[in-house]
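K.L.:
Shown below is the structure under consideration.
The values are calculated or read from the model by the stated rules, or taken from the named source; none is laboratory data. This is a predicted model, so every value here is computed, not measured. Cβ placement follows ideal geometry from the backbone for every residue including glycine, while neighbour counts extend to all protein chains displayed.
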Amino acid sequence: MVKILSYAGFGVGLIAGAMALYLHFVVLPECIKAEQEYENLEKDWERAETTRIGLSDTAWNALFESHSKKSYELLEKSQVKMDYGTYLLFICPLGFLLSIYPAYKKNKFAMAGVALSLVSCLIGAIEGTHMMS
């Protein structure tokens, strides 16, 4: 029973570790890029609002629609890190709980599962929440 729990906890910890690395090295740079694009888009929009003179209502409405759609897409991209962080905050305790008893019995896989779960939970909490915003 202890061996099964240790392998299960190690497997969940390994999955959580892979998700944490994916969040840190793939998702987070894309989110930062999307946030910067959104800020630039908002600055351009403020500039366009001040120089609206000469645009017809139809042209202005088309410009507003394209701006709204683009800003929504960029905001959705920037929220992906929150989703992955939330997934990690739900998965990591499962790996920890599966591994803690076998780790107490000195099982090496369980100890690795506990460590992976804790590190992954920390990465998910730091980068997936507003802790580092």
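K.L.:
In the set Val26, Val80, which member is at pLDDT 90 or above and farther than 30 Å from Met1 by Cα?
P.N.:
Val26
K.L.:
Then there's this: Which of the residues spanning the range 61-81 are under 30 Å from Ser120 (Cβ atoms) and surrounded by 15 or more Cβ atoms within 10 Å (Cβ to Cβ)?
P.N.:
If the condition is that a residue be under 30 Å from Ser120 (Cβ atoms) and surrounded by 15 or more Cβ atoms within 10 Å (Cβ to Cβ), then Leu74, Lys77, Ser78, Val80, Lys81 are the ones that fit.
K.L.:
Okay, moving on. Residues being assigned to a helix (DSSP H, G or I) and among the basic types (Lys, Arg): count how many of those fall in the range 82-133.
P.N.:
1
K.L.:
Looking at (1) surrounded by 11 or more Cβ atoms within 10 Å (Cβ to Cβ); (2) within 24 Å of Lys3 (Cα to Cα); (3) among the charged types (D, E, K, R), which one does Lys106 not meet, given that it meets all the others?
P.N.:
(1)
K.L.:
Also, quick follow-up: Of everything in the range 1-54, what is over 18 Å from Leu97 (Cα atoms) and of a type in the set (S, T, N, Q)? Give them in sequence order.
P.N.:
Gln36, Asn40, Thr50, Thr51, listed by residue number.
K.L.:
Still on this model: Looking at the range 31-57, I want the residues that are surrounded by 13 or more Cβ atoms within 10 Å (Cβ to Cβ) and have a partner that is at pLDDT 75 or above and of a type outside the set (A, V, I, L, M, F, W, C) with Cβ atoms under 6 Å, at least 6 apart or on another chain. Which pairs are those?
P.N.:
Once the first residue is surrounded by 13 or more Cβ atoms within 10 Å (Cβ to Cβ) and sits in the range 31-57, its partners that are at pLDDT 75 or above and of a type outside the set (A, V, I, L, M, F, W, C) give Cys31/Ser78; Cys31/Lys81; Ala34/Lys77; Ala34/Ser78; Glu35/Ser78; Leu41/Ser71.
K.L.:
Can you tell me which of (1) within 25 Å of the chain's Cα centre (by Cα); (2) over 30 Å from Pro102 (Cα atoms); (3) β-branched (Val, Ile, Thr); (4) at pLDDT below 90 is the one Thr58 doesn't meet?
P.N.:
For Thr58, the failing item is (1).
Let's see how each residue does on (1) acidic (Asp, Glu); (2) under 30 Å from Phe109 (Cα atoms); (3) more than 29 Å from the chain's Cα centre (by Cα):
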{"position": "Leu5", "(1), (2), (3)": "no, yes, no"}
{"position": "Ala8", "(1), (2), (3)": "no, yes, no"}
{"position": "Leu14", "(1), (2), (3)": "no, yes, no"}
{"position": "Leu23", "(1), (2), (3)": "no, yes, no"}
{"position": "Glu30", "(1), (2), (3)": "yes, no, no"}
{"position": "Glu39", "(1), (2), (3)": "yes, no, no"}
{"position": "Arg47", "(1), (2), (3)": "no, no, yes"}
{"position": "Thr50", "(1), (2), (3)": "no, no, yes"}
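K.L.:
Looking at this structure, is Gly85 under 14 Å from Val2 (Cα atoms), crowded, with 22+ Cβ neighbours inside 10 Å and either under 23 Å from the mean Cα position of the chain (by Cα) or β-branched (Val, Ile, Thr) (or both)?
P.N.:
When the stated conditions are applied, Gly85 does not pass them.
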